[in-house]
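To start, the structure itself, in C-alpha cells.
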Amino acid sequence: MTTLLTYGAFDLFHIGHVKLLSRFAEMADEVIVGCSSDEFNALKGKTCIMPYEDRANILRACRFVSHVFAEHNWGQKRSDVIEFNADMFAMGADWEGKFDELSDLCDVVYLSHTEGVSTTKLKRRVLHRTPGLRMVG
Ligand code: C2G
C-alpha cells in the first residue's frame, strides 16, 4: 500500500485539480490531501471563494482522494509525511523544487501543471461575463 501526500487550496475545484489528482492516483494506492485552511490561505495571500469545509468536502467526493485534512501552516509537511507514513510527496510543477528538503523522508515529485486553467482565470472569466461585477481579493 503506497501513500502519496499533497497540499493545496483547491478553490473552485477545476479540471487542473482533477487531472493532477488523477495522475497522483495512478502513482499511489492512497492520495492524501492537506487542504489549506482559510486562515492559511490568507497567509499565502489568497482569498478563496469557497470556505475550507466546502473545499475539503469536494475533495472528499473526488474518487482519486482517500483522505483530506487541514493544512494550517508551511511547516507541518515534515511531521505530516511521518504521521501518514507517506512514500511520496507530490505537487504540481509550479512548486518545482520548493519542497525538496523532504527528500530524506520520501520521494518528492512535481508533475506538469495543467496549462490554461486556474482558479484566478475562472474568477476572471465569471467577472468578464457578468457585467457590473468587480474583482476583489
Ligand atoms: N495545479 C495544477 N494545474 C493547475 C492548477 C493547479 O497542476 N492548472 C496544482 C498545483 O500545482 C498544486 C495543486 O494543483 O499542486 C493545488 O493548487 P492550488 O489549489 O493553487 O494550491 P496552492 O495555493 O498552490 O497551495 O503548501 C502548499 C500549498 O498549500 C499549495
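Please treat every number below as a calculation from the coordinates, not as lab data. Predicted model, so just to flag it, every value in this text is computed and none were measured. For neighbour counting, all protein chains shown are included, and Cβ atoms are generated from backbone atoms with ideal geometry for every residue, glycine included.
Observations on the model:
- Over the stretch 7-125, Cα pairs under 8 Å with separation of 6+ residues give a relative contact order of 30 percent.
- Partners for residue 46 among aspartates and glutamates (Cα-Cα distance below 17 Å; same-chain residues under 8 apart left out): 11, 38, 54, 71, 94
- Derived scalar couplings ³J(HN,Hα) [the stretch 8-17; Karplus, 6.51 cos²θ - 1.76 cosθ + 1.60; whole Hz; x for Gly, Pro]: x, 7, 6, 6, 6, 2, 9, 4, x, 5
- Spatial separation of Cα centroids for the stretch 1-71 and the stretch 84-137, in angstrom: 10 Å
- Karplus-derived 3J(HN,Hα) values for the stretch 44-60, using 6.51 cos²θ - 1.76 cosθ + 1.60 with θ = phi - 60°, are 7, x, 10, 10, 7, 6, 9, x, 3, 4, 5, 5, 5, 6, 5, 4, 5 Hz; glycine and proline are entered as x.
- Shape category assigned to the stretch 4-83 from the gyration tensor of Cα positions, a/c cut at 1.5: oblate
- The GluC sites (Glu not before Pro) of the stretch 29-124 that DSSP puts in a loop, and whose beta carbon has at most 15 other beta carbons within 10 Å, are 96, 115.
- Once the convex hull of all Cα atoms in the chain is built, its volume per residue stands at 105 Å³.
- Between amide H atoms placed 1.01 Å from N, distances below 5 Å from residue 71 occur with 35, 36, 37, all of them 5 or more places distant or on a separate chain.
- Close amide H contacts of residue 109 (hydrogens built in the peptide plane, cut-off under 5 Å, sequence separation of 5 or more or a different chain): 89, 90, 91.
- Pairs beyond 21 Å (Cα-Cα), from 77/121; 98/121; 44/77: 77/121; 98/121
- Between residue 121 and residue 104, the modelled label-to-label distance comes to 3.9 nm, taking each label 7 Å out from Cα in the direction of the beta carbon.
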